[in-house]
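What follows is one structure encoded as structure tokens, with my remarks underneath.
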Amino acid sequence: MPQLTDQGAIDQAEIDQETDQAETDQAEADQTAIDRALTERAACDRAARDDHERAGTWMTPAEYGASRAAVWTAAVVLITDTDGRVLVQSVDYRADRLLPGGAVDAGEAPSAAAARELREELGIDGHYPRGLAVDWIPADTPGFPPEMRFPGEILHVYDGGTWTAERIDAVRLPEQEVLGIHFAEPADLPALMDAGDARRALSALRSRVNGSGTALLEDGRPTAPTALDRLGVLRTRRTPQHGTWHPGPVPAQLPVRDHRGWLFGPDGRVLLLIARANGAARLPPPTAGPSTGAVPLGYRHVGRGAHARTAARLTGLPPAADPSYARLLATPEQVRELSDWGPAGADELAAVHTARARLSLPVPTRTPPTELPEDGVRW
């Protein structure tokens, strides 16, 4: 016999099921509303935080990029010959002379630009990794037409080294742009070049002599001047002394026109005098201070006279007798680079190092020449 179902019970179950579904739907709706409210609250908080940050230093990438200063970039190379003269070139688009080099192309490293420019302008392949100076050239520098909208420039000066006669003979100029090259006495650069270019070239040349790394310049002026910069070394023409070098004492029949000393300090550097008025460099007289081990080093035969040299070890320096000269300690190589001694300079330098070894003094490290106090020094 079939089982009979209570219709009332069935109806009540359906009602209960609908009620439960309604409650579930309401709970889900309530949770959705809560989630929406939390999301809107978080968005409001984020917007408020963004507004606060934007009021300070926060910028979008586009805004930050637009805020950065744009400048040009260029690279030039400083080259000297064996007499210490600087290579400058004449070009067809300017009246004044320039160091070889030019603009850095987009995506190009400055050192690569320097090598490319020398290859294009002088026909010389090379690699110039050593920087002598980095100069900041301001946007208001005179000489740029307004329509050029010159934004300022960062210019790298690289060391091209000392070129021999054979390397100079290998120069091949292009058909256009570069009209010619010649080697100029450093003191003549201000007369040949734009004022800023000349300042930059001389600062870079002093940086090479100092040997202390790349100099930072602003409009051609060092931000941390060395003694050579402060004294304006190389702004006066060097006195040529191109006579042949002879070791030993001056012969009795040859008159001595000038007598100078290679006077060594305890670290192997030698005394150097710099005229404060014009930056001229010269060796001191052999009597500049108390010394030991003095020997006649040799002489230069110039004309009908001799320029004699004595080597000795300094034991001290008295107070400065002539305030018009600064007294510095420099390596023998630095002294030679600040002098114009011609081909015989290498022979004299070799004799100096022989004398240094005989005096049991160390090989000096190239550092910026040190200015000595006017009240003297004792070792």
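The values are calculated or read from the model by the stated rules, or taken from the named source; none is laboratory data. From a predicted model like this one, the values you see are computed outputs, not experimental measurements. Note: ideal-geometry Cβ built from the backbone for every residue, glycine included; neighbour counts use all protein chains shown. For the accessible areas, the whole protein counts, side chains as well, though only heavy atoms, and no ligand, DNA or RNA atoms are used. Shrake-Rupley method; radii C 1.70, N 1.55, O 1.52, S 1.80 Å.
Figures for the structure shown
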item	result
In degrees, nearest ten, helix 345-358 long axis to first principal axis of the chain (Cα)	90 degrees
Relative contact order (%) - the range 76-200, alpha-carbon pairs under 8 angstrom, separation at least six	37 percent
Gyration tensor (alpha-carbon) shape descriptor, the range 328-379, a/c threshold 1.5	oblate
Whole-percent carbon and sulfur share, accessible surface of the range 209-364, 1.4 Å	56 percent
The range 90-224: radius of gyration over Cα atoms, expressed as a fraction of 2.2 N^0.38 Å	1.05
Spacing of the two label points (7 Å from each Cα toward its C-beta) at residue 242 and residue 367, in nm	3.7 nm
Angle between the chain longest axis and helix 110-122 axis [Cα atoms, degrees, rounded to 10]	50 degrees
Sum of -39500 (n - 2.57) over DSSP H runs of 4+, divided by residues of the chain (222 nm, nearest 500)	-10000 deg cm²/dmol
Cα-based radius of gyration of the range 250-329 once divided by 2.2 N^0.38 Å, which approximates compact folds	1.15
Magnitude of the charge dipole, the range 222-379, Cβ model with Lys/Arg +1 and Asp/Glu -1, debye to 20	220 debye
Heavy-atom surface of the range 292-379, accessible at 1.4 Å and reported per residue (Å²)	45 Å²
Sparse-neighbour loop sites [GluC sites (Glu not before Pro); the range 171-250; at most 15 other C-beta within 10 Å; DSSP]	175, 177
Additional length obtainable on full extension of the chain from residue 103 to residue 195, 0.36 nm per residue less Cα span	31.2 nm
Length added when fully stretched, residue 166-residue 67, from 0.36 nm per residue minus Cα-Cα	30.6 nm
Per residue, in Å², the accessible surface of the range 150-290 once ligands and nucleic acids are set aside, probe 1.4 Å	45 Å²
Cα-Cα P(r), the chain, percent of pairs per 20 Å interval	22, 38, 17, 8, 7, 5, 3, 0
The range 115-159, accessible surface, carbon-and-sulfur percent (1.4 angstrom probe)	57 percent
Relative contact order of the chain, defined on C-alpha pairs under 8 angstrom at six or more residues apart (%)	14 percent
Convex hull volume of the range 206-281 per residue (C-alpha atoms, cubic angstrom)	150 Å³
Simple spin-label estimate for residue 294 and residue 360 in nanometres, 7 Å along Cα-Cβ	2.2 nm
Listed residues 92, 135, 81, most fluctuating in the chain (Gaussian network, C-alpha, under 10 Å)	92
Exposure rank, largest accessible area first [371, 117; 1.4 Å]	371, 117
